[in-house]
Amino acid sequence: MLMAHPTVLRNLVEQYEALRLLHAESGSTEARQRMDDVAYTLCVSTGTGDVDSALVAARHRLPGARPEDDSVLTA
């Protein structure tokens, strides 16, 4: 599997979190589409099937993540 560059992952995570904070899922058609697009790109970039898993996987790959700490993945 190709791995996205950490800068790309960080940007996607930040975009998704900003859209979620702005409640884009209940906003205009364009806002919902943007959120869906970012979620899809996160999933493809991390090889996951849902946005929650994609966020965990992306954060795990970012610099400063503790690779030995997989407690979030086993919960």
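Bear in mind these aren't lab numbers, they're just calculated from the coordinates by the rules spelled out. Treat the numbers as computed from the prediction; the structure is a model and nothing was measured. We place every Cβ from the backbone using ideal geometry, glycine too, and count neighbours over all the protein chains shown.
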Rounded to whole Hz, the Karplus (6.51, -1.76, 1.60) HN-Hα couplings of region 41-52, x for glycine and proline:
5, 4, 4, 5, 5, 10, x, 10, x, 8, 5, 5
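Which order do the peptides 42-51, 20-29, 3-12 take when ranked by the mean count of other beta-carbon atoms within 10 Å per residue, highest first? It would help to have the intermediate numbers written out before the result.
On the way: 42-51: 16.6, 20-29: 11.3, 3-12: 15.1.
Put in order of decreasing packing, that is 42-51, 3-12, 20-29.
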Please report the net charge: other residues with Cβ closer than 14 Å to the Cβ of D37, K and R +1, D and E -1.
0
Give me the one-decimal nm value for the distance between modelled label points at D50 and E17, 7 Å along each residue's Cα-to-Cβ direction.
2.1 nm
Can you compute the charge dipole magnitude of region 1-66 about its Cα centre, using +1 on each Lys and Arg Cβ and -1 on each Asp and Glu Cβ, nothing else charged? Give it in debye, rounded to the nearest 20.
300 debye
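Over 14 Å, how big is the tail of the calculated P(r) for region 1-57, in percent of all Cα pairs? Could you put the intermediate results ahead of the total?
Numbers: 807 of 1596 pairs.
When every Cα pair of region 1-57 is considered, 51 percent fall beyond 14 Å.
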